[in-house]
1. Restricting to the range 167-206, name every residue that is surrounded by 19 or more Cβ atoms within 10 Å (Cβ to Cβ), out of contact with any Asp or Glu (no Cβ under 6 Å at 6 or more places or on another chain) and assigned to a loop (DSSP other than H, G, I, E, B).
2. Regarding the range 235-243, can at least one residue be identified that is part of a loop (DSSP other than H, G, I, E, B), open to solvent by 30 Å² or more (accessible area, probe 1.4 Å) and modelled with pLDDT of 95 or more?
3. I need a count of the residues in the range 125-141 that are within 16 Å of the ligand (Cβ to nearest atom) and open to solvent by 50 Å² or more (accessible area, probe 1.4 Å).
4. Are any of the residues in the range 285-304 within 15 Å of the ligand (Cβ to nearest atom) and more than 25 Å from Asn20 (Cβ to Cβ)?
5. Only one of these conditions is not met by Lys65: (1) among the basic types (Lys, Arg); (2) in a loop (DSSP other than H, G, I, E, B); (3) closer than 21 Å to Leu106 by Cβ. Which number is it?
6. Could you tell me whether the range 44-52 includes any residue that is in contact with an Asp or Glu (Cβ under 9 Å, 6 or more places away or on another chain), open to solvent by 50 Å² or more (accessible area, probe 1.4 Å) and among the small types (Gly, Ala, Ser)?
7. Working only within the range 100-124, note down all residues that are within 15 Å of the ligand (Cβ to nearest atom), out of contact with any Lys or Arg (no Cβ under 9 Å at 6 or more places or on another chain) and more than 18 Å from Gly9 (Cα to Cα).
8. Take the residues in the range 149-166 that are open to solvent by less than 10 Å² (accessible area, probe 1.4 Å) and part of a loop (DSSP other than H, G, I, E, B), then tell me which one is nearest to the ligand (Cβ to nearest atom).
Amino acid sequence: MYDILIVGGGPAGLTAGLYNARARMNVALLEKMAPGGQVLTTDWVENYPGFPDGISGFELMDRMKGQPEKFGLEIRSEDVLRLEFRDDRKLVTTNRETYETRALILACGASWKKLGVEGESNLMGRGVSYCATCDGPFYRDQPVAVIGGGDTAVEESLFLTRFASRIYHVHRRDELRAVKLLQERAMAEEKIEFVWDSVPLRILGADGVEGIELRNVKTGETSRREVQGVFIFIGTLPNTELVQGLVDLDDAGFVLTDDQMETSVPGVFAAGDMRSKSFRQISTAVGEGAAAAHGAEKYVEDMQGV
Ligand code: NAP
């Protein structure tokens, strides 16, 4: 039986693993994909302390993975399919086997939200993308559209200026949600043309994206832009399928915890983007991972009467 199992290998999970491995707990981390989480698809990170010149998302996560491994964290490439909570132990069933653990740290992150418009799902991977870092280079000298007004949309729009000939940046309001610094940079970019107060109605094209139809939410007018790519960044949804009905969630489906990161089930902790909170950053995920690791350690020690 493990002392602690961690589900998810993004910044929160890897930080929890670092603390628990250094504390010599019997701990393992389960991750179905490559460790790193959504940051892996971020081109450049410039608000993570300690890297004054910025660092690529890939390199940052490579370092975050190497550090706990140095202290002996076992990272298993397995897909967690089911959780079952008993009083003194938790059962974690993966595609390979069922593990028992005293405490559990959930750091399952979040996934990109879909627009739900015509053309989005059938043109996914054929012009519709949720990752500019991955797909941006395919759009050299071609016009693209970016949807969303948050930090992600504006950062990705700025990244796309390296490749695309024109970027129609579509936002449903007339004001961006992104931080001011990013707004200033985007406004100063000649290639970026903001299309305000507008939402996508349809993504056009048969075998690949050929355009996008928009509706102005104030006037009701519709218009089209000829684009070869549509990049959608309208926020995230928590990856909470595993804990539906098992722990308390907020109205939007994010996991509720106390300030020790403990969920409504004793010994089950949650950290990072899947947790109910207002600010989702690499630095906040890291802090919560450390807090969850500490909480889980205390829980295991209390169980063992240490
Ligand atoms: P977000 O902050 O939730 O922004 C989502 C954007 O999409 C909003 O502008 C929203 O419009 C728009 N939107 C939502 N649903 C829509 C729909 N159905 N149709 C059209 N537009 C829609 O998401 P995010 O930008 O992915 O950021 C998520 C979190 O990560 C935030 O806390 C953010 O600060 C953080 N983040 C930080 C950094 C950084 O610090 N460098 C980078 C990336 C992300 P409204 O504005 O009208 O609501």
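1. Selection gives His171, Leu176, Gly205.
2. The initial filter retains those residues of the range 235-243 that are part of a loop (DSSP other than H, G, I, E, B), namely 235, 239-240.
Still in the running and open to solvent by 30 Å² or more (accessible area, probe 1.4 Å): 235, 239.
So of that shortlist, the ones also modelled with pLDDT of 95 or more come out as 239.
Scanning the range 235-243, I find at least one residue that is part of a loop (DSSP other than H, G, I, E, B), open to solvent by 30 Å² or more (accessible area, probe 1.4 Å) and modelled with pLDDT of 95 or more, so the answer is yes.
3. 1
4. At the first step, the residues of the range 285-304 found to be within 15 Å of the ligand (Cβ to nearest atom) are 285-288.
In the following step, the residues that additionally are more than 25 Å from Asn20 (Cβ to Cβ) were identified as none.
There is no residue in the range 285-304 that is within 15 Å of the ligand (Cβ to nearest atom) and more than 25 Å from Asn20 (Cβ to Cβ).
5. With respect to (1) among the basic types (Lys, Arg); (2) in a loop (DSSP other than H, G, I, E, B); (3) closer than 21 Å to Leu106 by Cβ, Lys65 is out only on (2).
6. No, every residue in the range 44-52 fails to be in contact with an Asp or Glu (Cβ under 9 Å, 6 or more places away or on another chain), open to solvent by 50 Å² or more (accessible area, probe 1.4 Å) and among the small types (Gly, Ala, Ser).
7. Selection gives Lys113, Lys114, Leu115, Gly116.
8. Filtering the range 149-166 for residues that are open to solvent by less than 10 Å² (accessible area, probe 1.4 Å) and part of a loop (DSSP other than H, G, I, E, B), the one nearest to the ligand (Cβ to nearest atom) comes out as Gly149.
The values are calculated or read from the model by the stated rules, or taken from the named source; none is laboratory data. Because the structure is predicted, anything quoted here is derived from the model rather than measured. Don't worry about glycine lacking a Cβ; one is built from the backbone with ideal geometry, like all the others, and counts go over all protein chains shown. These area figures cover heavy atoms from the full protein model, side chains too; ligands, DNA and RNA do not enter into them. Shrake-Rupley method; radii C 1.70, N 1.55, O 1.52, S 1.80 Å.
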